[in-house]
Amino acid sequence: MFKLYTIEGKIEIPPFLFGQKKEVSARIILSEDYEGIITRDYGFVIAVVDVLNVGMGIIIPGNANTFHEVEFTILSFKPTVSEVVEGTVVEIVDFGSFVRLGPLDGLVHVSQICDDYISYEQVGNRFIGKETGKILEVNDQVRAKIIAVSLGTGRSGKLGLTMRQKFLGKDEWIKADIEEVYAEKETKQKEPNDKEDHT
């Protein structure tokens, strides 16, 4: 899920940035320090959105930089377990498929692709369901559910995904699930009521 966070912190502004407004200098420093990193608290930081406040600079003897208290907002992608996400299949390997979810990729293990026996076809670089005939290829748009989140620090993070449940997977799989539900409802409505009194 994409979220906006307001953060308070401290920055050092070096002398070569003194010639512009401190808000502009702060944004340059904050962008270098935050954008593209992964933290446990905020997830994957996409961008520094706004610098809200830059405090008065403090000078420390022996250091040319000025030190400032700063308040700013960031936009981040913080995935949570059980969240349903949409993305594009960007790579298929024998053990699963990688799905691009905006700034991060998630892995759908071969056992989590669909509720069927799946085989990997190396020549076509795709997965095929034995009974359902479902096919998963690179560039397919899919809907998946997050089942595991492991966000380290720095630039590493892992997401585990599943598409085994109903209403997940490719659009055509989801449409088939919806049609199946409607067909079941119609069948139940047409069945005679067993509770009728026949006396």
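Per-structure values
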quantity: Options Ser119, Phe16, Val48, ranked by Cα towards positive dipole end of the chain, top entry (Cβ charges); calculated: Phe16
quantity: Net charge, Ile147 excluded, C-beta distance under 13 Å - Lys, Arg +1, Asp, Glu -1; calculated: +2
quantity: Straight-distance crosslink candidates among lysines, where the alpha carbon sits under 21 Å from Lys188 and sequence neighbours closer than 8 are dropped; calculated: Lys166, Lys175
quantity: Length-normalised contact order of the chain in % [C-alpha pairs under 8 Å, at least 6 apart]; calculated: 18 percent
quantity: Charge tally in the Cβ shell below 14 Å around Ala176, where Lys, Arg are +1 and Asp, Glu are -1, Ala176 excluded; calculated: -4
quantity: Convex hull per residue volume in Å³, alpha carbons only, for segment 2-77; calculated: 86 Å³
quantity: Dipole magnitude of the chain about its Cα centre (Cβ charges: Lys, Arg +1; Asp, Glu -1), debye to nearest 20; calculated: 580 debye
quantity: Rounded if a/c under 1.5, otherwise prolate or oblate - the chain, Cα gyration tensor axes; calculated: prolate
quantity: Helix 171-190 vs. the chain, principal-axis angle (Cα, 0 to 90°, nearest 10); calculated: 40 degrees
quantity: Rounded tilt (10° steps) of 22-34 against the dominant C-alpha axis of the chain; calculated: 50 degrees
quantity: Coil-residue trypsin sites (Lys or Arg not before Pro) of segment 4-105, DSSP, other Cβ within 10 Å capped at 12; calculated: Lys21, Arg40
quantity: Packing-based order for 142-148, 62-68, 113-119, using average beta carbon neighbours within 10 Å, highest first; calculated: 142-148, 113-119, 62-68
quantity: Helical mean residue ellipticity (222 nm; -39500 (n - 2.57) per DSSP H run of 4+; nearest 500) of the chain; calculated: -5500 deg cm²/dmol
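FYI, it's all coordinate maths here, none of it is from the lab. If you're wondering where the values come from, they're calculated on a predicted model, not measured in any experiment. Note that we place each Cβ from the backbone using ideal geometry, even for glycine, and neighbour counts take in every protein chain shown.
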